[in-house]
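The values are calculated or read from the model by the stated rules, or taken from the named source; none is laboratory data. Every value quoted in this text rests on a predicted model; they were computed, and no experiment measured them. Neighbour counts run over all protein chains shown; Cβ positions are idealised from the backbone, glycine included. Ligands, DNA and RNA are stripped out before the accessible areas are found, and what is left, the full protein with its side chains, is counted by its heavy atoms. Shrake-Rupley method; radii C 1.70, N 1.55, O 1.52, S 1.80 Å.
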Amino acid sequence: MPRRHIRVTGAPEAALREALDRLRTELGAPLAFPLGVLTEAERAARAPALPPHDATDIPFLTIDPPGATDLDQALHLSRQGTGYRVRYAIADVAAFVVPGGPVDEEAHRRVTTLYFPDGKLPLHPAVLSEGAASLLPGRDRPAALWTVDLDADGRTLAVDLRRALVRSRTRLDYTEAQRRIDDGTAEEPLSLLAEVGRLRETLEAERGGISLNAPEQEIVDRDRDRDRDRDHGYELTYRAPLPAEGWNAQLSLLTGMAAADLMLASGTGILRTLPPAPDGAVGRLRRTAHALRIDWPHHVSYAALVRSLDPHRPAHAAFLQECTTLLRGAGYTVFRDGRLPDITTHSAVAAPYAHCTAPLRRLADRYATELCLAAVAGEPPPEGVLAALDALPKEMTEGGRRANAVERACVDLVEAALLKDRVGEVFEGCVVDVDDHRPTTGTVQLESPAVVGRVDGDPLPLGERLRVRLTAADPAHRTVRFALA
């Protein structure tokens, strides 16, 4: 899970856009697709492998961030007896990709879609990821269709998976979906999202799982001051996630857990695993909670504390950002022929789990889906899938490392760029961490703007609200530094 999301609302100003362009070059991010990849993608977009089952009569809908066009998932919820039926359609990337072909080889080179504040570098060419393979409304699309029946408490009763042709009817962003649910205008396939989502959140709490509702950092375009004829600028703020985002995430978790169970039962698969957090990491979080004046009694578990936090409150938002550090040991685990690995669970999910719901943006998901389809059909996995399986964990690790480097560099760059003209100013903040080996260096969380930076001082009062002076903000080196005022 990324430590921090950051995005620009509106078009970035020229200086910031140029700095991001330089960053892409510096990090060696894959830019344009080779001609051979584009040619094959265009051919595949015109003639995908069509599935035998027709599910276009089901009125699916999609819920995604504003402006998103790479739509991996479409959902339809209905009542089923005293329980529920969850239909979750996942873009069938394998219907467009020839194993070992140019698009496949390029996907293995890129591994994941890379996100920058001003746009993304996709895993697949746009003609597929934002066109023929995307579950856009009003278009027939090949999909891997999950059908999961739940009881009245939201527990899984039955799982089915098949290739199917689907057609989404409605495309919503999270704000519009939340508004319709809240004002009672949502039709049943959407209104049940809140009902099923809350049930799944309750079950998550029962099994000890944790969903971090960590806020995004947004670069907000301030209105131009016309009276003074000054160019508009930017400010950095937090955006707390909406409840609908968490409910939608629960459907993805439900599907990932079902996928893991199918692969474990079949004896061959690829899991997303995470060992329990070491005591030292949890101890550091306790110090951070104390620094942010968050009450964490020793009898309260980490999971229970996280569920009690409000991401709209600045101190809670800062703590939730720090909580993502416990997820950094996650990896991909392959197993074959019934020889199960030592670790099969993801400690934050508190259950076996697999990535399978974002194949347009993440390489491993396509392979997990193929293994699950084979398991449900009682057939051996495709040879091309088995041939690629063993190399996937290393590929995904390297791709995740690149994505994390992009994320860290983008946050550092944006913070430095937005503060570069404010060196010498004093800000209100709180020391949230002190270096164990250098007690005169630590981390400060500003109240406003939403910046986390290095701070120097002797002593650094952990948890104390104080005033700090900005001593350096260098976009060229992506550094921001404060000192006690």
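Using a 1.4 angstrom probe on heavy atoms only, work out the carbon and sulfur share of the accessible area of the chain in %.
After summing per-atom areas, the C and S share lands at 49 percent.
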In terms of the charge dipole of the chain, which places +1 on Lys and Arg and -1 on Asp and Glu at the beta carbon, the residue among 391, 360, 190 farthest towards the positive end is 391
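Mind ordering 441-448, 52-59 by average Cβ neighbours within 10 Å, highest first?
Top of the packing list down: 441-448, 52-59.
Remind me, relative contact order of the range 37-129 in percent, using alpha carbon pairs under 8 angstrom and six or more residues apart?
31 percent
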For the chain, list the DSSP H helices whose alpha carbon atoms reach 15 Å or more along the long axis and whose average Kyte-Doolittle value is 0.5 or above? 243-266, 363-377
Longest DSSP-loop-exposure-free segment, trypsin sites (Lys or Arg not before Pro), the chain, at most 15 other Cβ within 10 Å: 1-138
Given (i) 24.0; (ii) 27.6; (iii) 26.5 as possible values of Kirkwood radius over Cα pairs in Å, the one from the coordinates is (i)
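Which whole-number percent is the relative contact order of the range 307-403 (Cα, under 8 Å, 6+ apart)? Could you put the intermediate results ahead of the total?
Working: 57 pairs, mean separation 19.8, N = 97.
Over the range 307-403, the number comes to 20 percent.
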Yeah, the range 38-77 with a ≥ b ≥ c from its alpha-carbon gyration tensor (a/c under 1.5 is rounded, else prolate when a/b outruns b/c, oblate otherwise) is oblate
Length-normalised contact order of the chain in % [C-alpha pairs under 8 Å, at least 6 apart]: 17 percent
Can you say what percent of the DSSP beta bridges in the chain, counting only those with both residues inside, are antiparallel? Round to 5. 80 percent
Mean-position separation - Cα centroids, the range 133-211 and the range 383-416, in angstrom: 28 Å
Measuring with a 1.4 Å probe in the full set of protein chains, what accessible area per residue, in whole Å², belongs to the chain? 45 Å²
